[in-house]
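Undergrad: Mind looking over this structure? Questions follow.
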Amino acid sequence: MDHKQADEIRQTVRESYAKVAEASNSGGGSGVGSSCCGVSAEPDTLDSTRLGYSEHDVKNVPEGADMGLGCGNPRAIASLKEGEVVLDLGSGGGFDAFLAAREVGERGRVIGVDMTPTMLSKARANAEKGRYSNAEFRLGEIEHLPVADRSVDVIISNCVINLSPNKPQVFRDAFRVLKPGGRLAISDVVATTELPEHIKNDLELYSGCMGGASLIEELEAIMREAGFVDVDISPKDESREFIRDWAPGRSVEDYVVSASIEAVRPAD
């Protein structure tokens, strides 16, 4: 993929999620149908319990933080501990970041990174509304994280890395910011078979978390090349049910599923 194509993808993704944030702020639907990682045109149809969250999770974050944009629950595999520093890649309205902030406590810290200014403003407003003093949100791309080397215990992410046109760089930078022994706990969309060209080249499906999915074996190779060990990618076949709703009638569920993705940066 050349720079022009990569820039076009980033711009399309940024614009798509800006629309989601703006519609959420105004109290309306996403305005993008059901193509944005599970976002429906009607806000009251969003149901993150389909993705593995509890009713308690959904009810115990500021209103508007949960926009149903994920494809799983990365916190369920993160085993967060009090006092840890957590980095959330593509933090959106702050849903996963706020849940993580409760787990790591006042001695811990959560940093959310998002490339969409409207999302960033929404997350910061939600943090103030919910009085999350241990959560902060930074503008940046996940390929070039605004985070210091070896400063993070755990990286979480929910259906965001598949949106990047340069996944090897995402994992190289994730490796850079993790402390030795630090870990990845990610929910994302992966391809179980080679994607047809009409899906790969559809920018709407790319920004909808489907067109940019990597084959499982390719993703594992990318992560190991970045330096990660104990790589484990566990597909969830049951996710095809909600993925079908993202692009009705287009059979994308025949090619992609949600997966839990775990890995560790080796200790020095």
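The values are calculated or read from the model by the stated rules, or taken from the named source; none is laboratory data. As the structure is a computational prediction, the values presented were derived from the model and not from experiment. As a convention, Cβ positions derive from the backbone with ideal geometry for all residues, glycine included, and neighbour counts pool all protein chains shown.
Undergrad: Go through region 167-183 and report how many residues are within 15 Å of Leu145 (Cα to Cα) and either among the basic types (Lys, Arg) or part of a strand (DSSP E or B) (or both).
TA: Summing the residues that are within 15 Å of Leu145 (Cα to Cα) and either among the basic types (Lys, Arg) or part of a strand (DSSP E or B) (or both) in region 167-183 gives 5.
Undergrad: Just a yes or no: is a residue in region 102-120 among the β-branched types (Val, Ile, Thr), within 19 Å of Ala76 (Cα to Cα) and under 19 Å from the mean Cα position of the chain (by Cα)?
TA: yes
Undergrad: On to the next question. Name the strands (runs of 3 or more DSSP E) wholly within region 85-146 that hold at least 3 residues that are surrounded by 21 or more Cβ atoms within 10 Å (Cβ to Cβ)?
TA: Details: elements: 85-89, 109-114, 135-139.
Answer list for region 85-146: 85-89, 109-114.
Undergrad: If a residue must be among the acidic types (Asp, Glu) and buried (at least 17 other Cβ atoms within 10 Å of the Cβ), how many such residues does region 206-260 contain?
TA: 2
Undergrad: Another question, then. Among the residues in region 66-73, are any modelled with pLDDT of 90 or more, touching an Asp or Glu at 6+ places or on another chain (Cβ under 9 Å), outside any strand (DSSP E or B) and under 30 Å from Arg150 (Cβ atoms)?
TA: Checked region 66-73: at least one residue is modelled with pLDDT of 90 or more, touching an Asp or Glu at 6+ places or on another chain (Cβ under 9 Å), outside any strand (DSSP E or B) and under 30 Å from Arg150 (Cβ atoms).
Undergrad: Right, next: Kindly establish whether Ala185 is more than 19 Å from Gly227 (Cβ to Cβ) and crowded, with 19+ Cβ neighbours inside 10 Å. Working first, answer last.
TA: Working: more than 19 Å from Gly227 (Cβ to Cβ): no; crowded, with 19+ Cβ neighbours inside 10 Å: yes.
No: the conditions fail for Ala185.
Undergrad: Out of Arg172, Arg224, Arg150, which single residue is modelled with pLDDT of 95 or more, of a type in the set (Lys, Arg) and within 30 Å of Lys19 (Cα to Cα)?
TA: Unique residue meeting the criteria: Arg172.
Undergrad: For region 194-255, list the helices (runs of 4 or more DSSP H) that sit wholly inside it and hold at least 1 residues that are more than 26 Å from Arg50 (Cα to Cα); which are they? Explain how you work it out, then say what you get.
TA: Details: elements: 197-200, 203-207, 216-226, 240-246.
By residue number, 197-200, 216-226.
Undergrad: Same structure again: Residues in region 46-56 that are out of contact with any helix residue (DSSP H, G or I) (no Cβ under 6 Å at 6 or more places or on another chain) and part of a helix (DSSP H, G or I): how many?
TA: 4
Undergrad: Here's another thing I want to ask about it. Do the conditions hold for Asn73, that is, is it of a type in the set (S, T, N, Q) and closer than 30 Å to Val256 by Cβ?
TA: Judged against the criteria, Asn73 is a match.
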